[in-house]
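Okay, so here's the structure we're looking at.
The values are calculated or read from the model by the stated rules, or taken from the named source; none is laboratory data. Note that the structure is predicted; figures quoted are calculated from it, not measured. All Cβ positions, glycine included, derive from the backbone under ideal geometry; neighbour counts span all protein chains shown.
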There are 2 protein chains.
Amino acid sequence: MQYEDYQALVEGALEKAMKREDVPDKLRQAMAYSLLAGGKRLRPVLLLAAYALKKDDLETALPYAIALEMIHSYSLIHDDLPAMDDDDLRRGKPTNHKVFGEGIAILAGDGLISMAFETMLTAALTAPSPKAALTAMEAIARRSGVTGMVAGQAVDLAMEGQMPTKESVTYIHTHKTADLMTSAVEAGLYLAEADKKEIEAGIMFGTHLGLAFQMVDDLLDVEGDENLLGKKIGMDTAREKMTWVALCGAERTKAVAGSHVDKAVDALGIFKERGKFLETLANSTLYRVK
Amino acid sequence: MQYEDYQALVEGALEKAMKREDVPDKLRQAMAYSLLAGGKRLRPVLLLAAYALKKDDLETALPYAIALEMIHSYSLIHDDLPAMDDDDLRRGKPTNHKVFGEGIAILAGDGLISMAFETMLTAALTAPSPKAALTAMEAIARRSGVTGMVAGQAVDLAMEGQMPTKESVTYIHTHKTADLMTSAVEAGLYLAEADKKEIEAGIMFGTHLGLAFQMVDDLLDVEGDENLLGKKIGMDTAREKMTWVALCGAERTKAVAGSHVDKAVDALGIFKERGKFLETLANSTLYRVK
């Protein structure tokens, strides 16, 4: 399968998940506005591709994959709010609160995180292995929560305007970005009932990929193309954000991102031929910057 | 067991859950500020008491009970935000965003909902019955989500300033308030592996109790004591909120609340002697108003 095949599978499942008449109109519209705004669907693709390292019946993993995208989408809606990053544009469109107002935007985020767990738990009720489903969901809850993504966001917010240190930037990158990607790989492998060594390799892969990804994201904020990105560049500098680029410059950031990609690829060795897709995906992270 | 015994069990478990050093300081402080601000702990007590209708090892149900309080607490933090109800006081203390700022308050809410699912899923990994745990968590996710509590909040927000109708007030009360209480009873019974008829009775009990509870809450906003309530009264009227009192006046609201309590008590018949505690609890709902 190619990236586009995974992406299409995710896109179809997300659209289906949002076609429900039991959710109040305005809430459903606000959730769908952000959730169905396109994007690469990287996290759900990672979950499906990690599952495919061991098994082929992707339908089993699909509810967990779209749940991850719901969690990612809620975090973007809340992150764009005036009290947080105060962004007006996301993927070339006005941000959620700009269209629906702050109150509904907050609730759309709350709704998406609730729907993520509801979607996974509904699937888990008829899962081939309830234990595998529980382990996968626990990893997602933990890595998106108060020691994971939310922790990264909180430190990111608290540190604005302070001098970046390697320790603080690493903490923010690891938790704000890498944790959710790692949970995608981890959950996919748990669902496929991978063994302990494979899970460890998956966590290693996800963490290094996530760190490389966030470094590239930081670089794009400095030297990206606003039309391609669908958002303003230079915002991290304007907000005095903790970025790797602010810490040690663009050249060094590219080099460090490259070494993370190498480590991610190395971790895939245990999966032999089945690791090829994720290897290509990891290498492509760097193509986003010249 | 008395109400205070259940409450003490919940209070102890909540304090223990918040003693963690792996959560960033400011985030943990903001979460603890709201979660450990006291209160009756009605929802977790309901879950434990529902479990006790069938079984006595309350420790098994405790993680799910405190998770419900985390969900309740997140909803209060987000509900108090300027973009929502814009409240300055909650339980006699400044609201979360007044103390920690809006950004951290949003994240404290996001953190609490994440922690709720993490807490339940961690417990579920070693649950005596994974199937019972999954069913309980699914009920909580569904009733706190986009067809439950979040739906109720969204409609409540959207309808501000409009003429109340019986249909809209009932929708808001059922979802904003009753659903989370119903999920407490439902989850407690699922965890205790109750049968289908008992679950149906529990849902009936929780729904009527929740409706009565919200009506009493609406009444207290009209005729309550600010010092006892720890918040300003008259706010529903000022905000032109959809309340039962606005729909048909205080006297009629009291009568309808009373009939909901009666229906809640009737539903307990199936549990015989073990239903006594919840019967007393339901009747006490009305003592809050004269």
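All but one of (1) part of a helix (DSSP H, G or I); (2) of a type in the set (K, R); (3) away from chain A (no Cβ under 14 Å) hold for B:K40; which doesn't?
(1)
Determine which member of the set B:L157, B:L229 is without any contact (Cβ under 8 Å) to a residue 12 or more places away in the chain, touching a helix residue (DSSP H, G or I) at 6+ places or on another chain (Cβ under 7 Å) and either buried (at least 19 other Cβ atoms within 10 Å of the Cβ) or more than 27 Å from A:F100 (Cβ to Cβ) (or both).
B:L229
Restricting to region A:18-65, name every residue that is touching a residue at least 24 places away in the same chain (Cβ under 8 Å) and touching a Lys or Arg at 6+ places or on another chain (Cβ under 9 Å).
A:Y33, A:S34, A:A37, A:G38, A:G39, A:A52, A:L53, A:K54, A:A61, A:A65
Inside region A:224-279, can you point out the residues that are hydroxyl-bearing (S, T, Y) and closer than 19 Å to A:S168 by Cα?
Correct list: A:T237, A:T243, A:T253.
Identify the residue in region B:20-39 that is modelled with pLDDT of 95 or more and charged (D, E, K, R) and, among all such residues, is nearest to B:T207 (Cα to Cα).
B:R28
If you go through region A:56-87, how many residues are touching a Pro at 6+ places or on another chain (Cβ under 7 Å) and more than 17 Å from A:G38 (Cα to Cα)?
Matching residues across region A:56-87 total 1.
From the residues in region A:141-177 that are touching a Phe, Trp or Tyr at 6+ places or on another chain (Cβ under 7 Å) and of a type in the set (V, I, T), which one is farthest from A:L46 (Cα to Cα)?
In this case the residue turns out to be A:V155.
Taking the stated definitions as given, is B:A267 small (G, A, S), more than 18 Å from B:D156 (Cβ to Cβ) and surrounded by 16 or more Cβ atoms within 10 Å (Cβ to Cβ)?
yes
Can you find even one residue in region B:205-221 that is at pLDDT below 95, buried (at least 19 other Cβ atoms within 10 Å of the Cβ), farther than 21 Å from B:L42 by Cα and not basic (K, R)?
The answer is no; no qualifying residue exists.
Could you grab the pairs with beta carbons closer than 7 Å, sequence gap of 6+ or different chains, first residue in region A:125-147 and on the phi > 0 side of the Ramachandran plot, second one surrounded by fewer than 24 Cβ atoms within 10 Å (Cβ to Cβ)?
Cβ pairs passing all conditions: none.
Within region B:111-138, which residues are of a type in the set (D, E, K, R) and in contact with an Asp or Glu (Cβ under 8 Å, 6 or more places away or on another chain)?
B:E118, B:E138
Taking the condition of being outside any loop (DSSP other than H, G, I, E, B) and either at pLDDT below 95 or crowded, with 18+ Cβ neighbours inside 10 Å (or both), how many residues in region A:48-70 meet it?
Number of matching residues: 15.
One residue is enough: does region B:181-199 have a residue meeting the conditions modelled with pLDDT of 95 or more, among the β-branched types (V, I, T) and crowded, with 24+ Cβ neighbours inside 10 Å?
Among the residues of region B:181-199, at least one is modelled with pLDDT of 95 or more, among the β-branched types (V, I, T) and crowded, with 24+ Cβ neighbours inside 10 Å, which makes the answer yes.
Suppose the filter is more than 9 Å from chain B (Cβ to nearest Cβ), under 16 Å from the mean Cα position of the chain (by Cα) and of a type in the set (D, E, K, R); does A:D217 pass it?
The answer is yes for A:D217.
Tell me which residues, restricted to region B:243-264, are in contact (Cβ under 8 Å) with a residue 40 or more places away in the chain and either in contact with a strand residue (DSSP E or B) (Cβ under 6 Å, 6 or more places away or on another chain) or buried (at least 19 other Cβ atoms within 10 Å of the Cβ) (or both).
Answer for region B:243-264, where residues must be in contact (Cβ under 8 Å) with a residue 40 or more places away in the chain and either in contact with a strand residue (DSSP E or B) (Cβ under 6 Å, 6 or more places away or on another chain) or buried (at least 19 other Cβ atoms within 10 Å of the Cβ) (or both): B:T243, B:W244, B:A257, B:H260, B:V261, B:A264.
Taking region B:43-70 only, how many residues are aliphatic (A, V, I, L, M) and within 13 Å of chain A (Cβ to nearest Cβ)?
2
Output the number of the condition that A:S114 fails; it satisfies all remaining conditions of (1) hydroxyl-bearing (S, T, Y); (2) farther than 19 Å from A:M181 by Cα; (3) surrounded by fewer than 24 Cβ atoms within 10 Å (Cβ to Cβ).
Single failed check for A:S114: (3).
Which fully enclosed helices (runs of 4 or more DSSP H) of region B:71-161 have 2 or more residues being more than 9 Å from chain A (Cβ to nearest Cβ), modelled with pLDDT of 95 or more and under 19 Å from the mean Cα position of the chain (by Cα)?
Because the criterion is at least 2 residues that are more than 9 Å from chain A (Cβ to nearest Cβ), modelled with pLDDT of 95 or more and under 19 Å from the mean Cα position of the chain (by Cα), the helices (runs of 4 or more DSSP H) in region B:71-161 that meet it are B:130-143.
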